[in-house]
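**Q** Supplied in structure tokens, the structure appears directly below.
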Amino acid sequence: MGRPPGRPRLSSTPDAPGAEGLEAVDELEPLEPEELTAAALEGRARLTPEVLKALNDTWREVVQYDDDASKALARRIVGRLRRASHLELHPGCSRVTIDVPMLPNKVFVRINERTYFGTLEVWECEARTILGLVHHARLVEAARLDDKGGGGFLDLDSPLGQRARAIQSA
């Protein structure tokens, strides 16, 4: 089956029209963030870390305004970032295989309604997020079990401890 109706064909050939303009922006002197944003939205600049930062900063500035031009610019920035591939957004990121365990409270790791469990091949940045969530869940569960087994000790520096001392002295 082909592309969905209404969507333009994307050329993946390196000699596509406009490909020679991509190098032109990279060879010039450093540009201002507004110029980098305009170049990226017009297709004249590759997504480098500087261009990504400029796009993100510009989006943060214009998303709060209610006029039509700001809303249109924010939509164009979001559209450009959605069309970007993972390697454009995270250069040097590789695929890794990880084993995701069930969390201590008998649930699975979920990110954006996607469940992660078992042996999976994911991007390295995604793996760091998943394993960070597993680590955090284990810390929370350990703290919960520690509080449960504490046996009712009272922190004497807390306001509750001060109240207990006042009751005892009365």
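The values are calculated or read from the model by the stated rules, or taken from the named source; none is laboratory data. Because the structure is predicted, anything quoted here is derived from the model rather than measured. Cβ placement follows ideal geometry from the backbone for every residue including glycine, while neighbour counts extend to all protein chains displayed. Only protein heavy atoms, including side chains, enter the accessible area calculation; ligands, DNA and RNA are left aside. Shrake-Rupley method; radii C 1.70, N 1.55, O 1.52, S 1.80 Å.
**Q** Quick one: count up the residues across the stretch 94-125 that are touching a strand residue (DSSP E or B) at 6+ places or on another chain (Cβ under 8 Å), open to solvent by less than 60 Å² (accessible area, probe 1.4 Å) and free of Cβ contacts under 8 Å to residues at least 24 places away in the same chain.
**A** Qualifying residue count for the region: 3.
**Q** For the stretch 104-142, enumerate the residues that are basic (Lys, Arg) and in contact with a Pro (Cβ under 9 Å, 6 or more places away or on another chain).
**A** Within the stretch 104-142, Arg138 is the sole residue that qualifies.
**Q** In the stretch 34-49, what count of residues is obtained for those that are in a helix (DSSP H, G or I) and surrounded by 14 or more Cβ atoms within 10 Å (Cβ to Cβ)?
**A** So the answer is 7.
**Q** Among the numbered conditions (1) surrounded by 14 or more Cβ atoms within 10 Å (Cβ to Cβ); (2) touching a Leu at 6+ places or on another chain (Cβ under 9 Å); (3) over 30 Å from Val140 (Cα atoms), tell me where Leu31 comes up short.
**A** The one condition Leu31 does not meet is (2).
**Q** Across the stretch 53-93, what is the total count of residues that are open to solvent by 80 Å² or more (accessible area, probe 1.4 Å), closer than 15 Å to Ala39 by Cβ and modelled with pLDDT under 90?
**A** The total comes to 1.
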